[in-house]
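For reference, the structure discussed in these notes is given below.
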């Protein structure tokens, strides 16, 4: 479990561009300490917020989200995968449509994006990216009873359509 936490932390560093952050944890009650060293990797090709992310097949996956250009909010459907061994991003298969602020999780060989919004509609479906096929499948799990999206780290359920 610790490795996953460090890996996800590295992803945050890669997305927001913090470089060379060195952190040493305080000793625990058992006298153990952990030293974490942050290193900068290749910057994400397209900056974003509100995206789905996780680790699939040993690579960081960043899907969808939003970006601002010329005072206009863009809703993204693109997907990027980061290989630590190659220290590079590669383009993955796009989401079926723009999607941001959904919950994301990895279950074995599947990266799931639940709910979210495209700025006009809120979604109740669950999309799954299968590692074997590289294809997105809709409703990989039962849909939410209401439209769902996340906002500022809190999970929200709405009944709007």
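The set of residues in segment 29-58 being surrounded by 21 or more Cβ atoms within 10 Å (Cβ to Cβ) and farther than 17 Å from residue 97 by Cβ consists of 53, 54.
Among the residues of segment 68-101, write down those that are in a strand (DSSP E or B) and under 15 Å from residue 43 (Cα atoms). If the condition is that a residue be in a strand (DSSP E or B) and under 15 Å from residue 43 (Cα atoms), then 79, 80, 81, 82, 83, 88, 89, 90, 91 are the ones that fit. Could you say whether any residue in segment 72-80 is surrounded by fewer than 20 Cβ atoms within 10 Å (Cβ to Cβ) and in contact (Cβ under 8 Å) with a residue 60 or more places away in the chain? No, that holds for no residue. Residues of segment 102-112 that are part of a strand (DSSP E or B) and touching a strand residue (DSSP E or B) at 6+ places or on another chain (Cβ under 7 Å): 103, 104, 105, 106, 110, 111, 112.
Each reported figure results from applying straightforward, stated rules to the coordinates on display, with no laboratory input. Predicted model, so just to flag it, every value in this text is computed and none were measured. When we count neighbours, we look across all protein chains shown, and the Cβ atoms used for this are built from the backbone with ideal geometry, even at glycine.
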